[in-house]
1. Is it the case that A:PHE90 is without any contact (Cβ under 8 Å) to a residue 24 or more places away in the chain and either under 19 Å from A:PHE295 (Cβ atoms) or crowded, with 24+ Cβ neighbours inside 10 Å (or both)?
2. Mind listing just one residue for me: the one in the stretch B:593-639 that is facing chain A (nearest Cβ under 9 Å) and among the polar types (S, T, N, Q) and, of those, surrounded by the fewest Cβ atoms within 10 Å (Cβ to Cβ)?
3. Look through the stretch B:463-477, keep the residues that are closer than 13 Å to B:ILE432 by Cα and small (Gly, Ala, Ser), and return whichever of them is farthest from the other protein chains (Cβ to nearest Cβ).
4. Of all residues being among the hydroxyl-bearing types (Ser, Thr, Tyr) and surrounded by fewer than 23 Cβ atoms within 10 Å (Cβ to Cβ) in the stretch B:126-173, which is farthest from B:SER215 (Cα to Cα)? Just the residue, please.
5. Please work out which one of (1) at pLDDT 90 or above; (2) in contact with a Leu (Cβ under 6 Å, 6 or more places away or on another chain) is the condition A:LEU239 fails and give its number.
6. With B:GLY867, B:GLY827, B:GLY815, B:GLY880 as the choices, which residue is more than 26 Å from the chain's Cα centre (by Cα) and either surrounded by fewer than 21 Cβ atoms within 10 Å (Cβ to Cβ) or of a type outside the set (A, V, I, L, M) (or both)?
7. Would you point out which residue out of B:SER654, B:SER648 is in contact (Cβ under 8 Å) with a residue 24 or more places away in the chain, in a helix (DSSP H, G or I) and closer than 30 Å to B:LEU736 by Cβ?
8. Could you pull out the residue among A:ALA69, A:ALA43 that is aliphatic (A, V, I, L, M) and surrounded by fewer than 21 Cβ atoms within 10 Å (Cβ to Cβ)?
Amino acid sequence: MEMRYSNFKYSIFVLVLSFFVSCDVLDQAPEASLAPSQVFTDATGANAAIIGAYSSIQSGNYVGLRSWALLDLYSGNLRHTGTFPSFAQFQNRNILADNVEVSNMWNSIYSTINRANNIIEFSPGVNDAAFNKDRAIAEAKFIRAFSYLNALVLWGGDNNSYTVDGAVGIPLRLKPTLTPADAAPAPKATFGEVKNAILADLSQATIDALPARGTGSAIAAAGRATKEAAIALKAKAQLIFGNNADAAALAQSVITGTGSDLTATMSNLYTSKNNAESLWELQFDAVNSNAIAFFFYPTAQGGRNEVSPAAPANFPHEANDARIAINGPGLSITVKYRVVSPGTDNVIMLRKGDMYLTAAEALVRQSAANLPQGLTLLNRVRTRAGLPNFVTEDAAAFFVQLAQDRRNELAFEGFPNHWVDLRRTGQAAGLFTNPNFVRLPIPQREVLTSENVITQNAGY
Amino acid sequence: MKRLLRLLVVALLLPLSAAWAQERTVTGRVTSAEDGSPLPGVNVVIKGTTVGTATDLDGRYSISVSQGAVLVYSFIGLKSQEVAVGERASVDVSLALDATQLSEVVVTGYGLQSRAEVTGAITSVGYKEFQDMPLRNIDQALQGRSAGVNIVQSSGTPGSGISVNIRGTGSLGSSSQPLFVIDGVPINTGSYTAIGTGGQLTNALSDLNPNDIESFEILKDAAASAIYGSRAANGVVIITTKQGRAGRTKVDFNFYTGIEQRQNDPVKKINGQQASELMLEMVRNRYPLTAFLGGGAQWADHAELTTWLFDGAAGATNTPDGFRAVTNNDGVREASIYRDPSTAPSTDWLDEIFRTGKISQYDLAFSGGTEKSTFRFSTTYFNQEGIMIGSGFERFSARINLANQVTDHFRFGTNVAVSRSVAVRPQNDNNINGVLSTGVLYSSDIPIFRANGTYYKDPGSSTENPIAAGLEPFFESVSSRVIGSTYGEVDIAKGLKFRTELGLDFLLFKDDRFQPTTTNTGAGSNGLGQSSSRTDLNWVWKNNFTYNKDFGSDHRISALVGFEYQQSTFESLFAQASVFPGNTIRRLSAGAVKADASSGGSVWGLESYLGRVNYTFKGKYLLSGSVRVDGSSRFGEDNRYGVFPAGSIGWRLSDEGFMSGVNFLSDLKLRASYGITGNQEIGNFASLPLFSSGANYIGLGGLAPGQLGNPSLTWEEASILNFGADIGLLKDRIFLAVEYYIKDNRELLQNLPLVGSSGFLGVTQNIGSIRNSGVELSITTVNVSKANFRWTSNINLTFNKNEVTKLAGAPFASGFASWVEEGQPLGAFRGFRVDRIIQNETDRQAAIAQGQTAAQLGDILFKDLDGNGSLTSADQEILGSAQPVVFGGFNNTLKYKGFDATIFFRFVSGNKIYNNTRAFSEGMNGVFGQTDGVLNRWTPDNPSTTTPRAVFGDPNNNRRTSDRWLEDGSFLRLNNLQVGYTIPPSVVTRSKVLRSARIYVSSQNLFTWTKYSGFDPEVSTFNITNTAPGTDFLTYPQAKAVSVGVNLGL
């Protein structure tokens, strides 16, 4: 049988076509990300990296809720009314090492630190006149110090104070993680080493490189680090570390420094943003929102009713204290977070009210002779809260009253104030059958992944 | 059988068009013994010669024969017949289907092969096995049909994903789902939804119409699948759609309609009265009367305190008897109710959310053609209401398949399908706004509505009202899809063909969700709307040469060489808005606050070269080798091309002379194969170090480190060793296929966990290894074969052992209780072990001594497994595994005169389920709705040894991950029971309209036998997961369905 392949030419045509129309399908590049080398090249990229570091603090696993709310639950300022078993462990003061909130907080804080480390490492190499290197590095150090302070007070420290340098610390990483090799686990540094790193980051050079806050509510760079914010953060740190002379001096310099005094009506701090009193507020808006009010609000009002202010018996206030209406003991919500959706409440991180109480305490701890001065500062805050002046000649009674006022004044703000107060005054250990539980467990994941290079905290 | 294949083969063999001078002419007609229809293209050959012809469109033939000639009528898939012509001038023949496996032609990757010569492990599933079952997805059709293929329908959620694992799960962090190829086009699979529901995702395979499918071929070993190279490590499923057949145009209309209901399941909730008693008891066991008051004040009784805690009471007032909660007097959770629980209201939420749903399908197909061209057009509409409020699925699809022989040596064809499917999706699983999740976890003492007609929202809980969860949100996912290919094929020389084919799969997926102010989510935001659109265009251009030649009578060679390009382009858009002017306008344009808007895109490409040679010596020694080289854009420049070779041998022992005396053995073939395949499903840019966008603050755009790079990143690899035997006994009345395999998945892309203190949680690396090894058994028997009665069975069994052989770093947790550890199977569960319920002070002291400081009588004493006297997180161990010991299917087909029946069972045995639903519904720690297991709770009067006491907040953490929630997941399910009656052709044809008619009743999941206490033992809250299978958490269960249908031929 003869076969005629008259279509041979077609096949040749297709063949030739297919070899010449070669398709380059292998070279593809991502569309929503950049190579690291494209970031720290000019002011735009480097500034975006700083914004990225602030953004990290906003995480719901960090100041966006958990880094203070869970500790308010632990300290008793909050009660658990929701469904998350991981939250219940805080309320029950029985936290397991695999608690997912603990792990997420840890990871979130260290992710922020790594962002700051990138800025500190690479900013010097950015050749762009429009880029303020010194300010960039200072902002990054401010963020890093704040983050290490948060981590250190939760996972480190002595059972009864934060003043023992040899006490338990946390891993201290001051260089960015750029390759998988850089990510090798670093063992815990001592408490003192981390403390010194925090104070070094808040050095005078850092303070000097930051812009002044400005007066009144005309805040320079709302939501970002300022001179005053850095000094206030350092004052807070020094009070925690027991360096009372420094704490008193720093806090007083903020009080007497530029900017106006305490906001006359305390609730204005929360119903409007960036009041004159506030030194650093973490900014939230409709497109960059938080879920804090959502976690408080009852379901019928669109929340998830996960936490509520503790019952009045567990969260006592003096009669006529204006802060009752703000904190809402026994209610399901607090005035400090009011907008369920779209979650635009700012979180107040540092404010002058805190500095008054910090200065008051640090002065009297320095010397009982400073009691009158301390009372004056304390009573400024009490007066604003609609309370009568507190009068005593006994330093011990002063500290009791001051602790009470600190609790009522600073509850639910962006730092675990009451929990840290309980710990630094040695009252936390008594809440547990095992005093080691004052420190959170190192996340089980961290211990396992590091193959015990990062050791578990005692008791877990 | 495979009409397409027949036609192709016929088309190849047809050029027998010469005329021969003979003594006389015989004519006749060849028809199908099955339905009497004419058979075109049947070869009619004079025995002992090469002289022959083929039947025309009406099945007629004409051939010149000499005296005493014997004619051989043959057609692939039908039993050949020999007929002595004798003196007749006309010989009519009817050909019956060939039930033996050997004559089958199997679709292989890039070709066809006679079953007798196949040396790889391939299972074929023809449409007859699943037709007329009410199938939602094509992957459902494969469930239980093939040894070695574990298909888990993770939920009954309409349109949701199904997990398909061929020879076990072989990946950790990448996809472990097989490659699906439809008519030569590798298609997009998986989920395209951008809006989470809590667990179940969507399934791109739901876009395909099961009725269009002629057959599935499952390529299981490397010999079969390695031709697909870097995408074959999880096996390949080849789908061939139905083609037209030369002959009179046929019209087929199929219709069924039926109902679906929830299966008889054991989940029963306690009623409102029991819930009220329980709440009071929880509070009493936790709080003294002085709780929350301070200063020595007391509550009047625990009923007041319970009301204060759970009724959203505005406060408490002091009375002479003590504090009383300020009640809202709405008849719910009043202190008076706690004092007399019999007065509590009661709602059976499960009864309220489940319903009887309708399911129906209309299917119309036209098919036919001439010798030169054939066609098949089909349209199908499928509708399923869903057995739960707020769920449903519908699909409209149409398909055109055309093939045309332009000249003797040039053919082209096209296959195109379009579809649109709409899923009405409920939220569920790990979601406090889900329908089933709230149906279970909403307390029974809450009424559906308040007196004013609004939903009654539980004041003490954050869970949504189940009816509001089901009826109020609008949530629809619409998938529009075009899958098609066009090919041209030319004969270049004898036996040598060139084929070029352009295929594409275009998918447009759109999600829209609106949560009105009547829902908790929408209440806070004054209406919350989300909208997402995703498109994926995937094209492939394939060019192949094939060469088939016989050298003498002993040697036969078939070879394939080809190259191809493939590219997939993905685009996405997402937007979210809140603060709507009312609940009527659901489009985002109405929302005052545009909270989110983002777009994304990504591309990957493949460049491939492939080749294969099959060699047969004397028809009994079989040898095959293939290789594919894939370049992928997903891997670093240095490591861009991978080589995937495979080889196999076969020996048809039964064709050896020395076996001729062994009469009971009708067929025996031994096979062995080895090869390497790859898995490139790892994300498009996993190898690059990246800074990510989106880290914004104070209205400025931010950048942040996103991932650490790994330039040496490469594909995952699977080496598969396979031994197989095909054994036919008693003239193939019994046909047995046995496979033994060892599949080693290596270089598994794993997120090497990094310490969180580094700022990263992991980096993708090629580290892990998993071994799956096992035995597959498939037995097909013809139990009875009589003139009027025929009964055939197929049973398939799979014994697979899965083991993680290497991991990056330490073992890690996954899901709720799953644990990945070297030496353990994927799906292992880890947790604490219950020792006993604390019944006395000695037990209690033992508990306190080991750190359970809150323990009281009735709490659980957990085992201190490491014996160090302290109960810590280290006191957890492997409790069991979600991997079955054996699974399979058992199908029976019976035919008696016009009646037919199908009885199909599926079974899974030896697996465990972590019932996380019970960890909540028997937790007795808060206001969650509880199931009847809590009725056996420990009390001083009922010292239960299995269920602990009720205590608010669960201070002893009795609910922790432990063997308490682990259950046997084995089940036997009557998957399909179908009885049909075919009206005799003699009656049907009298109507002058109908060609054939059949009516039937079909059922799905009519019975399930299991010890599992949840809704459905076939469950996975994580949908398609490698590391956390077999976990149940408030997952939409599968339905049972009964339908009636007709098949009409015109």
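The values are calculated or read from the model by the stated rules, or taken from the named source; none is laboratory data. Since this is a predicted model, take the numbers as computed values, not measurements. Cβ: placed from backbone, ideal geometry, glycine included. Neighbour counts: every protein chain shown.
1. Values: without any contact (Cβ under 8 Å) to a residue 24 or more places away in the chain: yes; either under 19 Å from A:PHE295 (Cβ atoms) or crowded, with 24+ Cβ neighbours inside 10 Å (or both): yes.
Against the criterion (without any contact (Cβ under 8 Å) to a residue 24 or more places away in the chain and either under 19 Å from A:PHE295 (Cβ atoms) or crowded, with 24+ Cβ neighbours inside 10 Å (or both)), A:PHE90 qualifies.
2. B:SER599
3. Of everything passing the filter in the stretch B:463-477, B:GLY470 is farthest from the other protein chains (Cβ to nearest Cβ).
4. The extreme case among them is B:SER163.
5. Going through the list (1) at pLDDT 90 or above; (2) in contact with a Leu (Cβ under 6 Å, 6 or more places away or on another chain), A:LEU239 breaks only (2).
6. Numbers: B:GLY827 fails: more than 26 Å from the chain's Cα centre (by Cα); B:GLY815 fails: more than 26 Å from the chain's Cα centre (by Cα); B:GLY880 fails: more than 26 Å from the chain's Cα centre (by Cα).
Step by step, each of B:GLY867, B:GLY827, B:GLY815, B:GLY880 is checked, and only B:GLY867 is more than 26 Å from the chain's Cα centre (by Cα) and either surrounded by fewer than 21 Cβ atoms within 10 Å (Cβ to Cβ) or of a type outside the set (A, V, I, L, M) (or both).
7. Numbers: B:SER648 fails: in a helix (DSSP H, G or I).
From the options B:SER654, B:SER648, the qualifying one is B:SER654.
8. Details: A:ALA69 fails: surrounded by fewer than 21 Cβ atoms within 10 Å (Cβ to Cβ).
Just a single option satisfies the conditions, and that option is A:ALA43.
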